[in-house]
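The values are calculated or read from the model by the stated rules, or taken from the named source; none is laboratory data. Keep in mind it's a predicted model, so treat the numbers as computed, not measured. Don't worry about glycine lacking a Cβ; one is built from the backbone with ideal geometry, like all the others, and counts go over all protein chains shown.
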Amino acid sequence: MVFRTLKRVSLTQWILIAMVIGVFVGWAFPDFAITLKPLSTVFLRMIKSIIVPIVFGTLVVGIAGHGDDMKRVGRLALKSLIYFEIVTTLALVIGLVAVNLTRPGVGVVLHGSADPGKQLAGNTPTGMGFLEHVVPQSFFEAATHNEVLQVVFWSIIFAVALSQVRGKPKEIVLSGCEGLAEVMFKFTAIVMRYAPIGIGAAIAVTVGHSGLVVLVNLGKLILTLYGALIVLVLFVFLPIALLAKVPIKRFLKAVREPALIAFSTTSSEAALPRAMEAMESIGVPRRIVAFVMPTGYSFNLDGSTLYLAVASMFAAQAAGIHLSIGQQVTMMLTLMVTSKGVAAVPRASLVILAGLLASFGLPLEAVALILGVDELMDMGRTSVNLVGNCLATVVMARWEGEYAGPPPEAPLSPALPLPDGA
């Protein structure tokens, strides 16, 4: 009976329980709490081991897997990619501005991040040195040292080369990469079962060092993210919708249900079929929906890219590291590439964040802290991902001159027919 009851407790609930226990242990028994650090380290090492295979698999599939589609639809593909990169860049800028204004990580003491400035300097060369650093001598050497920038560079070249191969060899390699990505997502799910122990220990260690003030910092982090997401919606999405003459009321009604699904499940994948149906119901041609929406989940992750900007700067602030504007831009350019293709899987963004922090010499302890409140942030960023991609489908239909609006007699949703005369 007790065992069945415990099985019904979700991972999120276990993480929250572990956080509460960790806070209490860190506050009441700070010396003992510090000795729990190995439990957190084990969790972070398992997360770190996922980075290279998941980045390689998702990037290759995202680029080579869409190559034929992009050639087939031609102009629509080019327009879509231009739109995606402009909007995600704006999302990154908003995230950077927000986190630099609120500085939610200031005051946190991350155990084990001594002399961070020297560590950062060794990991972020500038100028021609940066160009040299990006190109790996060997993929396996880059993978061994978790050099994410080098892995990304090699993976992109590999994906472009694969997209030029025809026939069975391409299918075999692409299928292998898809399988690798799928296995690593399952691997991530297994690692996440240990998350309550790792997170509880990390919280205990941090509270043991910093005191209860760390809870205030995490609260500021959540508020910073949601404030930045609201700014993104009001000052980027809304002007785009107005410029493209999107029927705002009709659009909001159409995305309401899929956005709620994305918010509650924290998975874009769960809401994708309903979102595609909703866009067709308001007059977007099926061919545009079928291309733009799935492609958007590889290249147009507005909420996730904004979140990664905020979270990575939170880690730097918590470690007491001051990043120059140039270093911040370099980090964001890296995120724009490494974040492709992971929005559909809950917690996958944390693996990308861990890779970025490792590559730039920032403490991975921040990942365990953020993971404790990630469920609250994941709901917001996932729903914004969905709304952003729904908007992109309508904008592309307008841009192609193929959007005539919803049929006068058509209901908003086939699943929810309106009464006669409505």
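Do the conditions hold for residue 421, that is, is it small (Gly, Ala, Ser), over 23 Å from the mean Cα position of the chain (by Cα) and at pLDDT 80 or above? Against the criterion (small (Gly, Ala, Ser), over 23 Å from the mean Cα position of the chain (by Cα) and at pLDDT 80 or above), residue 421 does not qualify. Restricting the range 262-299 to residues that are touching a strand residue (DSSP E or B) at 6+ places or on another chain (Cβ under 9 Å) and more than 19 Å from residue 400 (Cα to Cα), the residue that is surrounded by the fewest Cβ atoms within 10 Å (Cβ to Cβ) is 277. The single residue among 254, 241 that is hydrophobic (A, V, I, L, M, F, W, C), in contact with a strand residue (DSSP E or B) (Cβ under 8 Å, 6 or more places away or on another chain) and at pLDDT 90 or above turns out to be 254.
Once the range 300-317 is narrowed to residues that are closer than 18 Å to residue 383 by Cβ and of a type in the set (S, T, N, Q), the residue that is surrounded by the most Cβ atoms within 10 Å (Cβ to Cβ) is 305.
Among the helices (runs of 4 or more DSSP H) confined to the range 1-118, the ones with at least 2 residues that are modelled with pLDDT under 85 and under 20 Å from the mean Cα position of the chain (by Cα) are located at 11-28, 37-64. Taking the criterion of being over 20 Å from residue 32 (Cβ atoms), surrounded by 22 or more Cβ atoms within 10 Å (Cβ to Cβ) and of a type in the set (Gly, Ala, Ser), the only residue of the range 201-230 that qualifies is 228. Set side by side, the residues 241, 259 differ, and just one is under 25 Å from residue 94 (Cβ atoms) and surrounded by 22 or more Cβ atoms within 10 Å (Cβ to Cβ), which is 259.
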